[in-house]
Amino acid sequence: MKSEFLGKRRRAFVLALLVFSLMPLLASAGRQSSGDVTPRHQRQRQYKTASIDDRVKSLAKLLDLDEKQQSELKGVLWSRHEQVIKMLRAESQSPVDRVKQLRAINDNSVERITALLNEEQKKKYNPAGHLEAPGTSPKASLEDWLKTTKQK
């Protein structure tokens with residue numbers, strides 16, 4: 001009985017994690033499409049997310065990228081964007097499989113970006129730094145998360 005409850009909570013948590021992690025991508029996909037804007041899309045735009053060009057500019061400034069690196073970085077980010085959109089359109093996948101695939105896409109993108117950088121730039125590049133909350137680690141499990149939330 002208890003394991004069923006944890007299984008349902010785990011599935012709900014994974015689904016919520018997937019939805020919240022993909023919201024910026026979905027908002028930027030709508031902004032980068034054609035100029036046809038409906039009122040629904042206008043409401044989504046009130047929360048500005050960084051476009052691919054914005055991400056390239058900020059990383060170029062942070063890492064001191066040259067023009068060739070910026071161009072290659074933009075290609076990596078577009079490829080990642082297209083893979084995520086394709087994954088979201090594949091309705092046959094379970095939420096758990098989608099999270100696994102999203103992680104694989106992200107890991108692949110980080111590897112490709114890191115390959116573009118020189119040693120000094122690699123030291124500055126922290127692909128997950130803005131995603132981590134204080135006191136968490138990327139290897140933290142759902143059980144660890146539940147324990148910390150119950151303690152509060």
Just to be sure I understand, how many residues within the stretch 48-58 are without any contact (Cβ under 8 Å) to a residue 24 or more places away in the chain and either assigned to a helix (DSSP H, G or I) or surrounded by 13 or more Cβ atoms within 10 Å (Cβ to Cβ) (or both)?
7
What single numbered condition from (1) of a type outside the set (S, T, Y); (2) modelled with pLDDT under 85; (3) open to solvent by less than 60 Å² (accessible area, probe 1.4 Å) fails to hold for V76?
(2)
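The values are calculated or read from the model by the stated rules, or taken from the named source; none is laboratory data. The model shown is predicted, which means the values in this text are computed figures rather than measured ones. All Cβ positions, even for glycine, are placed from backbone atoms using ideal geometry, and neighbour counts span all protein chains on display. Only protein heavy atoms, including side chains, enter the accessible area calculation; ligands, DNA and RNA are left aside. Shrake-Rupley method; radii C 1.70, N 1.55, O 1.52, S 1.80 Å.
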